[in-house]
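Each value in this text was obtained by applying a stated rule to the coordinates, not by laboratory testing. These figures come from a predicted structure and were not determined experimentally. Cβ coordinates were reconstructed from backbone atoms using ideal geometry, including for glycine residues, and neighbour counts include every protein chain displayed.
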Amino acid sequence: AQIGPPGLELQSTNGIVKVMVSPPEANQRRRMWINDLSFKYNLVFWENSSHAQLQSKKIFPVDTIDDLAPGSTYCFKVQANLPSEGKQGLFSPTSCVRTTQKVNDLLCATNLSVLALNMEFHLLWSSQGNQDVSYNVQYLLGYLKDLNDDYSDKWLSVPRCEDISSTWCNFSSIITSTGFYYLRVQAREGHNKSCFSREVKVDPLKTNGIGPPGVRLDLSDTLLHILISPPGGDKVEVMRDHYDLSYRILYWRSSSDMKEEVKQKEVKQTIATVADVSPSSLYCVQVQAFSEPYNKSSAYSQQQCIHTPAGGHSP
């Protein structure tokens, strides 16, 4: 069966175009496609000029298109697809709209970026001037963008990041290891003037970085024991369970005039053993945590060293 054309509505404000898509058959009583949320939408748009180039973008049912030339006419059409069934729908009729001039508002927060390590998440941004500005950091649960409803009233404030003057926010308190989020910063000056920044998407387990593990060394007979503390601090369980961590161990015998060949071993456990260490020697170790499922790795731990006793046997 053919997927019919979706509905398309456009709004042009402040240099951006807001796109609102309604599913195929949205207004029909008898419907072939029961689950509207399975549709994925492909938007095609172009500047209405002689040198127009088609652009395409996968969009949510309610989305915005920016980076458009001001004072120009752009045309849009959208199709609904069902990737799970390999079906592509018919395009909607073409709709055109004229873009407005974007107001260069020096109040807005810019250059948003996310720093995340061991499930501690910080949002950073730049202010554009020295005005008396306060900031309110807001987040949106990512799944809301997949729904067919306008989510503009679903944004929530990040606790302890309301009415702040600093240009950073620790938003770890809202993060869980499932789902994803959007964040934005509202800048305010006085009672009636405000500006929203661009949004940034945070997919916690992909955005987060893995910190280096802790390392302790111990000796027994001719064995060197390497004891690894997984990264994460109080988030160690989340880190361990979701990242399926392994450890890459570098170890070598060190002397005052040279460093012997560095050897490497990889383990899943947090205890590793190096056999047949030489007596009266200094052995050094560094460990890196890594996650194959997420293709992530930490920096190496600080170098830890231990002296083996004379005679090769420790008490």
Can you give the translational diffusion coefficient of the chain in µm²/s, computed by Stokes-Einstein from the Kirkwood radius over Cα pairs at 25 °C and 0.890 mPa s? 102
Can you give the FRET efficiency for residue 240 and residue 54, using 1/(1 + (r/R0)^6), R0 = 30 Å, r = Cβ-Cβ distance, to the nearest 0.05? 0.05
Give the shape of region 51-188 as rounded, prolate or oblate, defined through the alpha-carbon gyration tensor: a ≥ b ≥ c are the square roots of its eigenvalues, a/c under 1.5 means rounded, and otherwise the shape is prolate if a/b is larger than b/c and oblate if not. oblate
Could you bin all the Cα-Cα distances of region 157-259 into 5 Å bins starting at 0 and give me the percent of pairs in each, rounded to whole numbers? 2, 8, 14, 14, 12, 11, 9, 8, 7, 6, 5, 3, 1, 1, 0
Here the FRET efficiency for residue 160 versus residue 225, based on Cβ atoms and R0 = 35 Å and rounded to 0.05, is 0.25
Separation of alpha-carbon centers, region 162-229 and region 230-303, rounded to whole Å: 24
Cross-link partners of residue 193 among lysines (Cα-Cα below 20 Å; sequence separation of 8 or more within a chain): 102
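Given a Förster distance of 45 Å, report the FRET efficiency between residue 282 and residue 14 from their Cβ-Cβ distance, rounded to the nearest 0.05.
Efficiency at R0 = 45 Å is approximately 0.10.
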Could you list 54, 245 so that the one with the fewest beta carbons within 10 Å of its beta carbon is first and the one with the most is last? 54, 245
Lysines within cross-link reach of residue 57: Cα-Cα under 20 Å, excluding same-chain residues under 8 positions apart? 18, 40, 77, 87, 145, 201
From the Cα gyration tensor of region 110-207, with a ≥ b ≥ c the square roots of its eigenvalues, which class applies: rounded if a/c is under 1.5, or else prolate if a/b is larger than b/c, or else oblate? oblate
Dipole of the chain, positive direction: furthest Cα of 75, 127, 169, with charges on the beta-carbon: 75
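Helix-only estimate, please: 222 nm mean residue ellipticity of the chain, summing -39500 (n - 2.57) across DSSP H runs of length 4 or more and dividing by its residues, to the nearest 500.
After summing the helix terms and dividing by residue count, I get -1000 deg cm²/dmol.
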